[in-house]
Structure formats: C-alpha cells, structure tokens
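Asks: Structure below; questions to follow.
The values are calculated or read from the model by the stated rules, or taken from the named source; none is laboratory data. These numbers were taken from a predicted model, which means no experiment stands behind them. Don't worry about glycine lacking a Cβ; one is built from the backbone with ideal geometry, like all the others, and counts go over all protein chains shown.
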Amino acid sequence: MSKRNRWLMGAAVVAALPLAVSQAWAQQAAPAATPQAALTAAEKESAKKIYFERCAGCHGVLRKGATGKNLEPHWTKKLPDGTTQEGGTTKLGASRLEKIIAYGTEGGMVNFDDILSKDEISLMARYIQEQPDVPPEFSMADMMGTWKVIVPVDQRPKKQMNKFNLKNMFSVTLRDTGEVALIDGDTKEIRSIVKTGYAVHISRLSKSGRYIYVIGRDGRLSLIDLWMEKPAVVAEVKVGFDARSVDTSKFKGFEDKYAIAGSYWPPQYVIMDGETLKPFKIVSTRGMTVDGEYHPEPRVASIVSSETKPEWVVNIKETGQILLVDYADIKNLKVTTIESAKFLHDGGWDASKRYFLVAANASNKIAAVDTKTGKLAALVDTKKIPHPGRGANFKHPEFGPVWATGHLGDAVVTLISTPSDKPADAKYKKNNWKVVQEVKHIGAGNLFVKTHPKSKHLWADAPQNPERELAESVAVWDMADLSKPKKVINVAKDSGLPATKAIRRAVHPEYSADGSEVWISLWGGKTDQSAIVVYDDKTLALKKVITDPKMITPTGKFNVYNTQHDIY
Ligand code: DHE
C-alpha cells in the first residue's frame, strides 16, 4: 500500500473526499501491525484519526511542535526523572502523558477529558510515543481530481436573486458538523446551512462581496454564491489534507481574478481561478527557518490580500518567514521572503491597511510588514503567546492610532502604536511600534479582540481559560478611558440555556455591518445546545439569543461587509 493510501483513513476525512478517491482509499486494507508496534492496526487508525482531528493543528503532523510542544518519541518517551526509556515498558511515561492529555497544562495545552474517553486518552498517550507517520504529498493531479464546478460561471445568476441584505449576512462556522450557517443579520434567521469541509475554519469574502470562500481542516475549499435565491456552493476543490487560510486577489485590475489557499499538510499554497477554483499553481513552503535550520513541515498560517500592490502576504508558521507573493505574473512568480520570528500564526491590518501585523507566538512577538516597501517594519516584544485574530484598530486618547492583540498566555490586551500619515497624528510618531499600554484582561486564554470604527467599545474573549466562569465570559472596555473598570459579561448565563457539563466557550466577537451589534458564539459540546448571543454595542444590553437545533458548535462568525472591507 502506498503511503498516500495509508495516511488518514479516518471516516471524516474519507467522507470529505470525492467518491473515486475515497473508494480507492476505503478499499485498501488497514496496515498490519509491525512486530515491535505497541498498537494494533485498528488502534493505530483510530489514534491517527483523533490525532488529525484534535492534535495536528497545534503539534504538526510530523509532531515537530509549533503552537503545541514537540511530540516526537525522544520527548514523549522521556520519564519524569528526565531519562529516556528505550525498549522496556513505557508505563510511567504513558500515565504522565495521559494526565497531560486529560487535564492540560499551564503552558497552554487544553484539557481533553471532556472530549475524549479514558480509553481514547490512553490510546493517544501510547500513539504519540511511536514514530510519527509521514503523510503523502498532494500534487496538481491529485488536486485536479478533486476540483468540481457545481454551477458553471455562465449559469450563475446575473444579479442578486434573493432579497437578503447581503451586507449584513453572517457566515458562521459550525465547527463539528462541517457546515456554515448563513444568518441574516437583520432578522437573525438562518437563511441557509451549507455543507462544507470537516471542521471548517474561516470564511473570507471576495472583493465584490458576492462570494464567500470557506476553508476546512480537511483542506476542502468551498465557494458560496450569495446571489443565488438560496445561497449554495458553486465550486469546490481540496487543496491538501489540512488547511486554514484563503483569500482572493484584491488589487485594482485583479479583483477576484485569483484565489489563494494555504495548507498545513502538505506545506504549500495554491493559486486558483477566483470564480471556479481551478488550481493553476502549487508552491511548496518547505525550507529554512529564520534560525537557518531546514524544516520539513512549514505550514501556511494566515494569508491576506494587499490593496497596495498585486500581492498576498503569506505567513509561514514554522520558518518564521513572511512571503510577499506577487501575482501579477503567476507563470514567473516573484516572492519576497521577509525574515521575522517563529511561529507565525494569525494577524490583521493596521488602520491604514499599509502594515500587516502577525503574531509570532512562540517568540512572544508581533511582526509588522510594510506592504508598501516590502520590508519588515518592526518586531515588537509582547507578553506571552499573542493571538490577535485579526486584531482591533482604534484611536487611543493618549497614544493615537493603536492596534490591539490579546494573549493566550497572559491576562492582558496589548496596544501597539501604529504609524499614520495624517498630519494631526504626527505627534504620536515617537510611539510607533511600541507597546503603549497593556490593559488588564479577565484572565489568560484570549483568542479574539474586536472593535468597529463606529463603536466606543473594545471586546475581548477568553475561551481557552481553564476557569469555566472566565471561558464563558467576555470583557468590554470603554476605549475613551481604558482605566475605567471593564464590564464583564457572562455570555453563558445571558443565553438562558441550561448549564452543561462541558464548558460553553464564549468566542469570537463580531460586529454587525453598521457597528451597532456584537455577536458572540457560545460554543458548547457537540451534543449540547449552542447559541449566538447578540448584544447592543452602545448599551451592552442583551438583544437576542439565536438558537436552533442545527446550531451545533458555532465558532467563527464573519459579517459579509466587515470581512469584505477588513473592518476591525
Ligand atoms: Fe484558528 C483563524 C490556525 C484553532 C477559530 N486559525 C486562524 C488562522 C490560522 C488558524 C492560521 C488565520 C487564518 C487567516 O487569517 O488566513 N486555529 C489554527 C490552528 O492551528 C489551531 C490552533 C489548531 C487547529 O487544530 O486548528 C486553531 N481556531 C482554532 C479553534 O479551536 C477555534 C477557536 C475554533 C474553530 O472553529 O476551530 C479557531 N481561527 C478561528 C477563527 C479564525 C481563525 C474564528 C478567524 C478569526 C478572524 O476573525 O479572522
């Protein structure tokens, strides 16, 4: 059996593949256990599936570590006394690993005792002591085999066929069902539930505002046409086995001509036709880290499209290199490689949209790229593990324009001064690229911060905090006076839903198009009722709880207008 067929036979992944490929995979017999292997073939398949679904995102498929620790056997077989036990029993190591998997660590590893059974935890503790499998590559031929145009461009509507206010539509990730819900921001009704990839991750908008690009953890990219009477998927392609990022070409003259998607595995990005998703070019991201070491798995983290030049900013996690990919001539692709720091993750524009700020989370830094000069503008030291989402821009009463990030590893929201061309802002120049304030948050474990040009408020969540009370709450500051006590809102209590055993994480504040409402996901367990809780941004009063039996594990929400125009 080829490596390609051996890798990831997990049901979710097989189900996500086109029929021909999934049948070919399914027909392969499971690999036989090697004499020295501690796991049976069935155990290994089951562990592989769990690892892919729950662990690979942070630790990498080769287990070299990034957001999560290195999980290669030379570490996982280490015993508490620091010695490595080869051969013999690994019981002690396994029980220590079981504890970490079950209860998490202060270093940021989350607990899995509410997601995995005891047997599964024990299985994973054994699995990660074995050598990692190397997954197969995914070539242009593989990709073309998955490409489907469901509604050809000439058969798509010529004008908007529904009466929805598309600007205020929200594309909501239903994480564990592999769907997005399109929710009408005006009426709060679910207009359509669209099947996408496994554990869909983000939605991004076309420059035109007509199409939503949705990418899932199984690498499936779906293109949704909002002009259809009932918005639906019109094209899809699988860009790899695991992916997180997508955008289109947004520079004048190239609007939506191309789409780009970055994958975690194989480590590469693909440039496609913006309207059909036909793949044109695949570029590998394997190479040297900023420390001069070869890395076999440098995953593509965030991607954003510049409006200053025909370029995408492509952030490569493990190498710490930021790529400016010039798409003016994709046959003769020009790529500028900007050295920053490890491990690059998520980020967003400053208010002028000239600088892109991205978290280098293992270095506790924010890297800022100047997309006009094509150079690194700054590397700013911050508190532990910055995680901005796309960040938040506002004018600080004392320090002028700032961009905000929260932290997974510290209970602060960091404000960084950003440059401005406006003569009135010249007095703030001396602060540029400095941390001007650290605002005390309710706890560590923040993932997303958000504001809106029409708002006075800054919102921050704390879904990864181990304390239920904090993970289920958000904090709101008055940006005119950040020294005023923040308001802490317990979203789970406000939802009125009965308490559940699993923590219902309050995650990802997102504004309505006019900036008057803030939507927060209440992300419960797969079998619990989840909700989206809507607040009036001016009064901070509860406005609406959106629930529905189909509202399963909502996480990211992407307002069409705000996402289309990078408003945050
Ligand atoms: Fe995300 C953005 C990677 C876990 C919700 N997430 C991103 C981006 C990356 C990323 C690289 C930036 C994309 C871009 O801008 O182009 N996320 C990862 C991981 O590797 C990680 C840590 C582990 C994994 O297995 O995926 C991870 N992310 C999560 C979650 O568990 C979250 C909270 C819930 C979920 O739906 O999976 C989650 N990630 C999000 C959201 C965004 C995101 C909502 C987009 C934020 C935005 O406002 O743009």
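Asks: Is there a residue being over 22 Å from Phe170 (Cα atoms) and buried (at least 20 other Cβ atoms within 10 Å of the Cβ) anywhere in segment 495-512?
Replies: Yes.
Asks: Inside segment 463-477, can you point out the residues that are over 22 Å from the mean Cα position of the chain (by Cα) and in a loop (DSSP other than H, G, I, E, B)?
Replies: The one that is over 22 Å from the mean Cα position of the chain (by Cα) and in a loop (DSSP other than H, G, I, E, B): Glu467.
Asks: So is Val194 assigned to a strand (DSSP E or B) and more than 26 Å from Pro266 (Cβ to Cβ) or not? Lay out the reasoning, then the answer.
Replies: Working: assigned to a strand (DSSP E or B): yes; more than 26 Å from Pro266 (Cβ to Cβ): yes.
Taking the combined requirement at face value, the residue satisfies it.
Asks: Scan segment 121-143 residue by residue and report those that are surrounded by fewer than 17 Cβ atoms within 10 Å (Cβ to Cβ) and in a helix (DSSP H, G or I).
Replies: Hits for segment 121-143 are Met140, Ala141.
Asks: Shifting gears a bit: Which one of these does Ser203 not meet: (1) modelled with pLDDT of 95 or more; (2) part of a loop (DSSP other than H, G, I, E, B); (3) not β-branched (Val, Ile, Thr)?
Replies: (2)
Asks: On to the next question. Step by step: first the residues of segment 219-231, then only those that are under 17 Å from Asp184 (Cβ atoms) and in contact (Cβ under 8 Å) with a residue 60 or more places away in the chain, then the one that is surrounded by the fewest Cβ atoms within 10 Å (Cβ to Cβ). Which residue is that? Please lay out each step first, then the result.
Replies: We begin by selecting, within segment 219-231, every residue under 17 Å from Asp184 (Cβ atoms); these are 224-231.
Restricting the remaining residues to those that are in contact (Cβ under 8 Å) with a residue 60 or more places away in the chain gives 225-231.
On the way: Asp225: 21, Leu226: 25, Trp227: 18, Met228: 17, Glu229: 12, Lys230: 10, Pro231: 24.
Out of the qualifying residues, it is Lys230.
Asks: Sort through Ile212, Ile183, Ile202 and tell me the only one that's surrounded by 20 or more Cβ atoms within 10 Å (Cβ to Cβ), within 11 Å of the ligand (Cβ to nearest atom) and not basic (Lys, Arg).
Replies: Values: Ile212 fails: within 11 Å of the ligand (Cβ to nearest atom); Ile183 fails: within 11 Å of the ligand (Cβ to nearest atom).
Answer to the check: Ile202.
Asks: Condition (residue is farther than 18 Å from Thr553 by Cα, away from the ligand (no atom under 15 Å from the Cβ), of a type outside the set (A, V, I, L, M, F, W, C) and more than 22 Å from the chain's Cα centre (by Cα)) applied to segment 498-507: is it met by at least one residue? Break it down stepwise before answering.
Replies: Here is the first cut: in segment 498-507, the residues farther than 18 Å from Thr553 by Cα are none.
No - not one qualifying residue is present in segment 498-507.
Asks: Looking at Lys238, Lys207, Lys195, which is the one that is surrounded by fewer than 20 Cβ atoms within 10 Å (Cβ to Cβ) and either of a type outside the set (Asp, Glu) or over 19 Å from Trp147 (Cα atoms) (or both)? Walk me through it before giving the result.
Replies: On the way: Lys238 fails: surrounded by fewer than 20 Cβ atoms within 10 Å (Cβ to Cβ); Lys207 fails: surrounded by fewer than 20 Cβ atoms within 10 Å (Cβ to Cβ).
Criteria check complete, one pass: Lys195.
Asks: Just give me the residues in segment 463-493 being within 16 Å of the ligand (Cβ to nearest atom) and free of Cβ contacts under 8 Å to residues at least 24 places away in the same chain, in sequence order.
Replies: Residue satisfying the conditions is Asn465 alone.
Asks: Oh, and also: Right, Thr555: in contact with a Ser or Thr (Cβ under 9 Å, 6 or more places away or on another chain), within 15 Å of Met169 (Cα to Cα) and of a type in the set (Ser, Thr, Tyr) or not?
Replies: Values: in contact with a Ser or Thr (Cβ under 9 Å, 6 or more places away or on another chain): yes; within 15 Å of Met169 (Cα to Cα): no; of a type in the set (Ser, Thr, Tyr): yes.
It is false that Thr555 is in contact with a Ser or Thr (Cβ under 9 Å, 6 or more places away or on another chain), within 15 Å of Met169 (Cα to Cα) and of a type in the set (Ser, Thr, Tyr).
Asks: Going through segment 209-218 one residue at a time, which ones are touching a residue at least 60 places away in the same chain (Cβ under 8 Å) and in a loop (DSSP other than H, G, I, E, B)?
Replies: Across segment 209-218, the qualifying residues are Gly209, Arg217, Asp218.
Asks: Could I ask something else about it? Within segment 219-232, restricting attention to residues that are under 18 Å from the mean Cα position of the chain (by Cα) and assigned to a strand (DSSP E or B), which residue is nearest to Arg54 (Cα to Cα)?
Replies: From segment 219-232, those under 18 Å from the mean Cα position of the chain (by Cα) are 219-223; that's our starting set.
Within this subset, residues satisfying the condition of being assigned to a strand (DSSP E or B) are 220-223.
Working: Arg220: 17, Leu221: 20, Ser222: 22, Leu223: 25 Å.
Looking at the filtered set, the residue picked out is Arg220.
Asks: I want to confirm something. Restricting to segment 314-359 and keeping residues that are away from the ligand (no atom under 13 Å from the Cβ) and touching a Lys or Arg at 6+ places or on another chain (Cβ under 6 Å), which single residue is nearest to Tyr568 (Cα to Cα)?
Replies: Only one residue fits best here, namely Arg354.
Asks: Can we say Ala480 is more than 20 Å from Thr555 (Cα to Cα), among the hydrophobic types (A, V, I, L, M, F, W, C) and assigned to a loop (DSSP other than H, G, I, E, B)? Don't jump to the end; show me each part of the working.
Replies: Details: more than 20 Å from Thr555 (Cα to Cα): yes; among the hydrophobic types (A, V, I, L, M, F, W, C): yes; assigned to a loop (DSSP other than H, G, I, E, B): yes.
Considered against the rule, which asks whether it is more than 20 Å from Thr555 (Cα to Cα), among the hydrophobic types (A, V, I, L, M, F, W, C) and assigned to a loop (DSSP other than H, G, I, E, B), Ala480 comes out as yes.
Asks: What about Val491, is it surrounded by 24 or more Cβ atoms within 10 Å (Cβ to Cβ), over 21 Å from the mean Cα position of the chain (by Cα) and within 27 Å of Ile115 (Cα to Cα)? So that I can check it myself, show each step before the final result.
Replies: Working: surrounded by 24 or more Cβ atoms within 10 Å (Cβ to Cβ): yes; over 21 Å from the mean Cα position of the chain (by Cα): yes; within 27 Å of Ile115 (Cα to Cα): yes.
Answer is yes for this residue.
Asks: Follow-up question, since we're still on this one. Out of all the residues in segment 233-263, which are within 16 Å of the ligand (Cβ to nearest atom), farther than 27 Å from Lys353 by Cβ and assigned to a strand (DSSP E or B)?
Replies: Filtering segment 233-263 for residues within 16 Å of the ligand (Cβ to nearest atom) gives 239-250, 258-263.
Going one step further and asking which of them are farther than 27 Å from Lys353 by Cβ, we end up with 240-242.
Answer for segment 233-263, where residues must be within 16 Å of the ligand (Cβ to nearest atom), farther than 27 Å from Lys353 by Cβ and assigned to a strand (DSSP E or B): just Asp242.
Asks: Anything in segment 54-63 that is within 14 Å of the ligand (Cβ to nearest atom) and either more than 16 Å from Val134 (Cα to Cα) or outside any helix (DSSP H, G or I) (or both)? List them, or say none.
Replies: Of segment 54-63, the ones within 14 Å of the ligand (Cβ to nearest atom) are 54-61, 63.
Arg54, Cys58, Gly60, Val61, Arg63 - these are the residues of segment 54-63 that are within 14 Å of the ligand (Cβ to nearest atom) and either more than 16 Å from Val134 (Cα to Cα) or outside any helix (DSSP H, G or I) (or both).
Asks: Using the structure shown, decide if Ile271 is buried (at least 24 other Cβ atoms within 10 Å of the Cβ) and within 16 Å of the ligand (Cβ to nearest atom). Break it down stepwise before answering.
Replies: Values: buried (at least 24 other Cβ atoms within 10 Å of the Cβ): no; within 16 Å of the ligand (Cβ to nearest atom): yes.
No.
Asks: Go through (1) of a type in the set (S, T, N, Q); (2) at pLDDT 95 or above; (3) within 16 Å of the ligand (Cβ to nearest atom) and name the single condition Thr196 misses.
Replies: Condition not satisfied by Thr196: (2).
Asks: Scan segment 130-177 residue by residue and report those that are closer than 30 Å to Glu43 by Cα and β-branched (Val, Ile, Thr).
Replies: Val134, Thr146, Thr177
Asks: Does Lys372 qualify as being modelled with pLDDT of 95 or more, closer than 20 Å to Thr405 by Cβ and in a loop (DSSP other than H, G, I, E, B)? Can you show your working first?
Replies: On the way: modelled with pLDDT of 95 or more: yes; closer than 20 Å to Thr405 by Cβ: no; in a loop (DSSP other than H, G, I, E, B): yes.
Answer is no for this residue.
Asks: Turning to a different aspect of this structure: Inside segment 277-354, counting only strands (runs of 3 or more DSSP E) that do not spill past its ends, which hold 2 or more residues that are among the polar types (S, T, N, Q) and touching a residue at least 24 places away in the same chain (Cβ under 8 Å)? I'd like the intermediate steps shown before the answer.
Replies: Details: elements: 279-284, 300-305, 311-316, 321-326, 334-339, 344-349.
The strands (runs of 3 or more DSSP E) meeting that bar are 300-305.
Asks: Moving on. Select from segment 515-568 the residues that are away from the ligand (no atom under 12 Å from the Cβ), more than 29 Å from Ala351 (Cβ to Cβ) and assigned to a strand (DSSP E or B) and write down the one among them that is nearest to the chain's Cα centre (by Cα).
Replies: Leu522
Asks: Restricting to segment 437-460, name every residue that is in a strand (DSSP E or B) and more than 15 Å from the ligand (Cβ to nearest atom). Outline the logic, then answer.
Replies: Residues of segment 437-460 that are in a strand (DSSP E or B), as a first pass: 437-440, 449-450, 457-460.
If the condition is that a residue be in a strand (DSSP E or B) and more than 15 Å from the ligand (Cβ to nearest atom), then Gln437, Glu438, Val439, Lys440, His457 are the ones that fit.
Asks: Right, another one. Mind checking which residues of segment 144-168 are part of a strand (DSSP E or B) and either of a type in the set (D, E, K, R) or within 16 Å of the ligand (Cβ to nearest atom) (or both)?
Replies: Lys148
Asks: Those residues that are within 25 Å of Val110 (Cα to Cα) and crowded, with 23+ Cβ neighbours inside 10 Å, I need them from segment 409-437; list them, please. It would help to see each step written out before you state the result.
Replies: Filtering segment 409-437 for residues within 25 Å of Val110 (Cα to Cα) gives 409-414.
Within segment 409-437, Val413, Thr414 meet the criteria.
Asks: Additional query: List, please: which pairs have Cβ atoms under 6 Å, are six or more places apart or on different chains, and start with a residue in segment 548-567 that is closer than 16 Å to Thr451 by Cα and of a type in the set (Phe, Trp, Tyr) and end with one that is more than 10 Å from the ligand (Cβ to nearest atom) and assigned to a loop (DSSP other than H, G, I, E, B)?
Replies: Note: pairs meeting the criteria are Tyr561/Ala513.
Asks: In the list Thr319, Thr371, Thr382, which residue meets the criterion of being crowded, with 19+ Cβ neighbours inside 10 Å and closer than 24 Å to Gly219 by Cβ? Quick ask: steps written out before the conclusion?
Replies: Details: Thr371 fails: closer than 24 Å to Gly219 by Cβ; Thr382 fails: closer than 24 Å to Gly219 by Cβ.
Unique residue meeting the criteria: Thr319.
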